[in-house]
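The values are calculated or read from the model by the stated rules, or taken from the named source; none is laboratory data. Since the structure is predicted, the reported quantities are computational estimates derived from the model, not experimental observations. Every residue, glycine among them, receives a Cβ derived from its backbone with ideal geometry; neighbour counts consider all protein chains shown. To get the accessible areas, we keep the full protein, side chains included, count just its heavy atoms, and leave off ligands, DNA and RNA. Shrake-Rupley method; radii C 1.70, N 1.55, O 1.52, S 1.80 Å.
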Amino acid sequence: MKHTFIATILAAAIALPAYAADYTIIAPAAPGGGWDQTARSLQAALQQEKIAGNVQVQNVPGAGGTIGLAQFSSQAAGNPNSLIVGGYVMVGAILTNKSPVTLKDVTPIARLTGEYEAVVVPASSDIKTMADLVAALKKDPGSVSWGGGSAGGTDHITAGLIAKASGVDPTKINYVAFSGGGEALAAILGNQVTAGISSYSEFESQVKAGMLRLLAVSSDKRIDGVDAPTLKEAGTDVSIQNWRMVAAAPGLSDDEVAKITADFEKLHSSATWQETLKTKGWADTYLSGDAFKAQLEKDVSATEGILKEIGLVQ
């Protein structure tokens, strides 16, 4: 009887579904921006698809994500339930801030999304086209203020490349960095800067509401459903795509990394995540494992070259 009882208990335990992990996701920026949106979209999808039992999001803003990165790499070391979102912006911020903590101090899991940059002005602005903005930039680079994300990030790089392509010294641009998309948006809507530059999704609702005028996007060809020319169409030879990733803590075992990677493979193929990509207008640029690590090394090297070219890194 005793052996039968134990066997029954063991059989029941084996029949139970695998326990869904709990995760805490660090969004290394203030609420409202792309990293915050990414973290909260992951939170919703992981829970809805029952990939994770409980997912919490914590905002740790500052210095292009490098403050959150430093905190994460030290405090979460060895913890397989801790994650951080990041991306192209963080790559640039690490270089421009000369951060002692880099992406080598975390465990890259996957590149999740890609998104093109958008250049906007307040609806009340006298600037009607990209050509108008470039003309003002050429006339007096310092008089044109650009509001965007952290120094050295994709927004800053794009502004520098626009200046360079327009024959303007990129080191002369007047770039105003904000720690989160919400702060940048408020400054643009409040006419505190001449133009705004960020991922299209951060401006989409205000563009559709007629509060912002969309001048151009940074894609190679026009984006379906977006009524704006590319920068190239507008006469500025620039094309750039922002991307976002998720990383795990340092000091994990191979089995722990494999488990986290498997969770994100499930997430990527889920109906919830695919619908999120569609709703947010994010490109599906999913890449994981060794392929992502190799691409990340290439991106870091290429970004350093661009930052030196536009004078942000010596």
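Below, the figures for the structure above:
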{"read-out": "Identity of the residue in segment 279-295, in a helix (DSSP H, G or I) and touching a helix residue (DSSP H, G or I) at 6+ places or on another chain (Cβ under 8 Å), that ends up most open to solvent (accessible area, probe 1.4 Å)", "value": "LYS280"}
{"read-out": "Pairs, first modelled with pLDDT under 95 in segment 36-50, second open to solvent by 40 Å² or more (accessible area, probe 1.4 Å) and assigned to a helix (DSSP H, G or I), C-beta under 8 Å, six or more apart", "value": "GLN37/LYS280"}
{"read-out": "Of all residues making up segment 143-164, the number that are within 12 Å of ALA195 (Cα to Cα), in contact with a helix residue (DSSP H, G or I) (Cβ under 7 Å, 6 or more places away or on another chain) and outside any helix (DSSP H, G or I)", "value": "4"}
{"read-out": "Condition broken by GLU309, with the remaining ones in (1) in contact with a Ser or Thr (Cβ under 8 Å, 6 or more places away or on another chain); (2) in contact (Cβ under 8 Å) with a residue 60 or more places away in the chain; (3) not hydroxyl-bearing (Ser, Thr, Tyr) satisfied", "value": "(1)"}
{"read-out": "From the options ALA165, ALA187, residue that is of a type outside the set (S, T, N, Q) and either closer than 18 Å to LYS232 by Cα or buried (at least 19 other Cβ atoms within 10 Å of the Cβ) (or both)", "value": "ALA165"}
{"read-out": "Residue list for segment 296-314, filter: in a helix (DSSP H, G or I), open to solvent by less than 60 Å² (accessible area, probe 1.4 Å) and of a type outside the set (Ser, Thr, Tyr)", "value": "LEU296, ASP299, VAL300, ALA302, GLY305, ILE306, LEU307"}
{"read-out": "Matching residues in segment 258-278 - criterion: being touching a helix residue (DSSP H, G or I) at 6+ places or on another chain (Cβ under 9 Å) and hydroxyl-bearing (Ser, Thr, Tyr)", "value": "THR261, SER270, THR272, THR276"}
{"read-out": "Every pair of residues 6+ apart whose Cβ atoms lie under 9 Å, when the first sits in segment 238-258 and is without any contact (Cβ under 8 Å) to a residue 60 or more places away in the chain while the second is open to solvent by 10 Å² or more (accessible area, probe 1.4 Å) and charged (D, E, K, R)", "value": "SER239/ASP220; SER239/LYS232"}
{"read-out": "Pairs, first in contact (Cβ under 8 Å) with a residue 24 or more places away in the chain and of a type in the set (Val, Ile, Thr) in segment 166-180, second open to solvent by 40 Å² or more (accessible area, probe 1.4 Å) and not in a strand (DSSP E or B), C-beta under 7 Å, six or more apart", "value": "VAL168/LYS138"}
{"read-out": "Residue satisfying condition, being under 17 Å from TYR200 (Cα atoms) and surrounded by fewer than 24 Cβ atoms within 10 Å (Cβ to Cβ), within set VAL121, VAL89, VAL101", "value": "VAL121"}
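Yes/no per residue for (1) of a type in the set (Lys, Arg); (2) modelled with pLDDT of 95 or more; (3) within 25 Å of LYS280 (Cβ to Cβ):
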| residue | (1), (2), (3) |
| --- | --- |
| LEU137 | no, yes, no |
| SER143 | no, yes, no |
| ILE162 | no, yes, yes |
| PRO170 | no, no, no |
| PHE178 | no, no, yes |
